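The values are calculated or read from the model by the stated rules, or taken from the named source; none is laboratory data. No experiment lies behind these values; they were computed from the predicted model shown. Neighbour counts are summed over all protein chains in view; Cβ atoms, including those assigned to glycine, are modelled from backbone coordinates with ideal geometry. Remember, those area values only see protein heavy atoms, side chains included, never the ligands or the DNA or RNA. Shrake-Rupley method; radii C 1.70, N 1.55, O 1.52, S 1.80 Å.
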Amino acid sequence: MIHKGTKTIETERIILRPFKTTDAQAMFYNWASDDEVTKYVTWPTHTDISVTRLIVDTWVNHSDEENYYQWAVILKENGDEPIGSMSVVEYNDMLENIEIGYCIGKKWWGKGIVTEAFAALIKFFFEEVGAEKVCARHDVDNPASGKVMQKCGLKFEGVIRRELFVKGKPRDLAHYSILKEEYLTDK
């Protein structure tokens, strides 16, 4: 793979861009402090904006690295305010695999925004970075996340039982993926 870093990607309705330090307040209020939004993610709900600032600062400090991917999701009609985030959770250069994770504020659920953003990242990773496989996983109790993956052409691979601790409990995770040749066939 030829890593490109967190470059700005634009679709019809959204912009995926690197985080800025000024995004911390929007992140805190739009998704990171909401228990319902963070129910299935591995990190705790932010109870203080100082936690969000620290995390955003870390993302900003790494944003110029070519193998680092952390995007703010911007809905064009909202100006430059982030409503969620998308990132590479893990990658394997030898296998040329990329795993994507995402989180978006509850106010924007069910509007196809994550599907549109995820599809743009799939295109980016296959066409520009040279990945051979893009994958994602979700808690089995969060089927809406799996629907996003299916809409983006990922195929269900199976459930790994008790794969991860989330909020102090072992959780079962459903795995999905799409191979480059499947992406190219569906284009």
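What the table shows:
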read-out: Accessible area in square angstrom per residue, the range 98-170, 1.4 angstrom probe; value: 51
read-out: Where labels lie 7 Å past Cα in the beta-carbon direction, separation of residue 42 and residue 111 in nm; value: 2.9
read-out: Farthest positive-ward along the chain dipole, Cα basis, beta-carbon charges - from 143, 5, 75; value: 143
read-out: For the chain: relative contact order, % (alpha-carbon pairs under 8 angstrom, 6 or more apart); value: 20
read-out: Pairwise FRET efficiency - residue 161 versus residue 80, Cβ, R0 = 45 Å, nearest 0.05; value: 0.60
read-out: Dipole axis of the chain (+1 Lys, Arg; -1 Asp, Glu on Cβ), positive-most option in 61, 43, 174; value: 174
read-out: Over 32 Å between alpha carbons, listed pairs 20/155; 7/155; 4/155; 7/39; 111/169; value: 20/155
read-out: Pairwise centroid distance, computed over Cα atoms, of the range 9-28 with the range 52-69, Å; value: 13
read-out: Nearby aspartates and glutamates by direct alpha-carbon distance to residue 167 (threshold 20 angstrom, same-chain neighbours under 8 apart not counted); value: 34, 35, 36, 48, 139, 141
read-out: Distance (nanometres) between label positions extended 7 Å along Cα→Cβ at residue 181 and residue 21; value: 4.9
read-out: Option label - Cα extents along the principal axes in Å computed here, alternatives (i) 57, 37, 31; (ii) 63, 38, 29; (iii) 44, 35, 31; value: (iii)
read-out: Calculated FRET efficiency for the pair residue 119/residue 172, C-beta based, R₀ 22 Å, to 0.05; value: 0.25
read-out: Label-point gap, in nm, between residue 94 and residue 65 - each point 7 angstrom along Cα→Cβ; value: 2.0
